[in-house]
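For reference, the structure is listed below as structure tokens.
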Amino acid sequence: MKSDGVIERGIYLRALRRIWVVPLCMLLGAALMLCGYLAAVRIGNTHTYEQVSKLYINFTGGPDAHLADWYNGATWTDLLSAHPVLTRGIASRLGTDEEEAKQLVREHVTAEILSDIRLMTVTVRADDAELAGRLAAAVNGAVTDFGSHTEGFDSIEFLSSDPVKETRINDRSRNAALLGAFLGLIFGAAGLWLYEAVRLAVYTPEEAEYLYDIPCAGIVCRDTDGKDSKWNKALAGALSGPAAQGALAVSAGGAEDAAAAVSMIKAAAGEDLQLLPADAGEAAGKNAPCIIAVLHSGKDEGAAVRRMISGLRMAAEESRIVTMITGGDEKFLDRYYRL
């Protein structure tokens with residue numbers, strides 16, 4: 001991975017040009033997470049119905065009686081499915097056997113003493129509204145009978161019961177969307193930086209020299225008018241020496257690509273340059289005074305260029321090898337060099 005400070009500057013500027021990718025990832029992440037949440041809520045959660053009842057306990061001897069220590073908020077729920085008198089009363093009202101009644105109570109009923117030890121809150125939750133109503137009525141009736149026939153109680157009075165109502169799941173769609181956007185931000189920014197960091201592409205002469213460890217003559221910018229570009233003028237000066245005795249241009253894309261690059265270079269740096277296109281193997285065989293390896297700005301061709309330059313170094317030991325970049329972005333270069 002590229003790690004030189006100058007190279008990282010180029011990575012940062014190129015990532016900045018594609019910064020629109022990050023908000024796009026945030027939008028996609030928010031949309032995907034929201035859709036996933038809504039699908040999970042729809043598929044994983046059925047309708048739940050609830051009925052809440054209030055009963056008042058009259059202990060023999062008042063609320064300070066010792067019996068209140070046994071019948072409290074921690075024991076009433078278990079008593080509803082464990083005490084024989086209560087389970088028989090619930091089963092007879094439901095018209096089922098005791099085991100089935102116990103199972104229904106364990107699954108759907110809770111009895112709580114929330115504050116005053118004399119006030120009991122019975123909550124029934126079920127997937128079916130009719131079952132919730134029937135089960136609430138059976139439990140309330142069994143508990144009031146229990147208070148009338150059990151030692152220690154004067155009575156257990158039924159106070160009120162809310163209508164059966166559908167309970168709604170807390171809407172977490174906003175949280176899901178925010179989480180998706182945050183994950184999109186993290187993965188979008190990291191992915192954008194990683195994409196630019198691992199590509200074996202060059203955009204500036206410094207990157208070419210860092211990547212291939214040979215001098216870079218310069219860069220030809222696209223969309224420029226002949227020699228009017230300062231970058232083209234600098235290239236003309238840099239090539240005047242290497243091309244004076246004749247130079248061969250080679251490209252990892254082959255001889256035809258090298259010929260197209262030579263035409264671009266001559267249009268930018270001068271038609272009088274002694275520069276000819278050649279195949280990489282041909283250039284190595286001729287052992288030319290100077291071999292120019294043509295690079296394409298922004299093209300991920302680093303592996304192929306490395307292989308080509310390695311072959312040239314072995315076969316053309318006496319030749320001077322330099323690189324040159326075509327198709328540069330003048331605006332990017334201005335930002336890179338702060339011009």
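The values are calculated or read from the model by the stated rules, or taken from the named source; none is laboratory data. Quick caveat: nothing in here was measured; it's all calculated off a predicted structure. Don't worry about glycine lacking a Cβ; one is built from the backbone with ideal geometry, like all the others, and counts go over all protein chains shown. What goes into the accessible areas is simple: the full protein's heavy atoms, side chains included, and nothing from ligands, DNA or RNA. Shrake-Rupley method; radii C 1.70, N 1.55, O 1.52, S 1.80 Å.
Accessible area per residue, 1.4 Å probe, Å², for the chain: what's the number?
Value returned for the chain: 53 Å² of accessible area per residue.
Give me, ordered by chain and number, the residues 5 or more places off Leu295 or on other chains with an amide H under 5 Å from its own placed amide H.
Met324, Ile325, Thr326
When each pair of different Cα atoms in the chain is counted once in the 1/r mean, what is the Kirkwood radius in angstroms, to one decimal?
27.2 Å
Got the relative contact order for the chain handy, in percent, Cα pairs under 8 Å and 6 or more residues apart?
20 percent
Specify whether the C-alpha gyration tensor of segment 116-163 places it in the rounded, prolate or oblate class, a ≥ b ≥ c being the square roots of the eigenvalues: rounded for a/c under 1.5, otherwise prolate if a/b is larger than b/c and oblate if not.
It is prolate, given that a/c is not under 1.5 and a/b is the larger ratio.
Pick from Leu192, Leu38, Leu79: which is most flexible by mean-square fluctuation in a GNM of the chain where alpha carbon atoms under 10 Å apart are linked?
Fluctuation is largest for Leu79.
Using the Karplus curve 6.51 cos²θ - 1.76 cosθ + 1.60 with θ = phi - 60°, what ³J(HN,Hα) values do you get for each residue of segment 95-101, in whole Hz, with x for Gly and Pro?
So the J values, rounded to whole Hz, are x, 10, 7, 5, 5, 5, 5.
222 nm [θ] for the chain, helices only, -39500 (n - 2.57) per DSSP H run of 4+, per residue, to 500?
Per the formula, -16500 deg cm²/dmol.
Can you give the FRET efficiency for Arg335 and Ile186, using 1/(1 + (r/R0)^6), R0 = 25 Å, r = Cβ-Cβ distance, to the nearest 0.05?
So, using R0 = 25 Å, E works out to roughly 0.45.
So how much slack lies between Asp128 and Glu256, counting 0.36 nm per residue of separation and subtracting their Cα-Cα distance, in nm?
Answer, rounded to one decimal: 38.4 nm.
How much length is gained if the chain between Glu112 and Thr96 is pulled fully straight, taking 0.36 nm per residue apart and subtracting their Cα-Cα distance, in nm to one decimal?
Length gained between Glu112 and Thr96: 3.3 nm.
In the Gaussian network model of the chain, springs joining C-alpha atoms below 10 Å, which of Gly270, Gly95, Gly302 carries the largest mean-square fluctuation?
Ranking Gly270, Gly95, Gly302 by mean-square fluctuation puts Gly95 first.
Over segment 82-177, calculate the relative contact order: mean separation of alpha carbon pairs under 8 Å at least 6 apart, over the residue count, as a percent.
Contact order relative to length: 23 percent.
Could you tell me which of the pairs Lys233/Lys299; Lys299/Lys331; Lys102/Lys165 are separated by over 21 angstrom between their Cα atoms in the structure shown?
Over 21 Å Cα-Cα: Lys233/Lys299; Lys102/Lys165.
Report, in degrees rounded to the nearest 10, the 0 to 90 angle that the Cα long axis of helix 255-269 makes with the longest principal axis of the chain.
Value to nearest ten degrees: 70.
Can you list the aspartates and glutamates whose alpha carbon is less than 19 Å from that of Lys266, not counting same-chain residues fewer than 8 positions off?
Those aspartates and glutamates meeting the cut-off are Asp223, Asp225, Asp228, Glu256, Asp257, Asp279, Asp329, Glu330.
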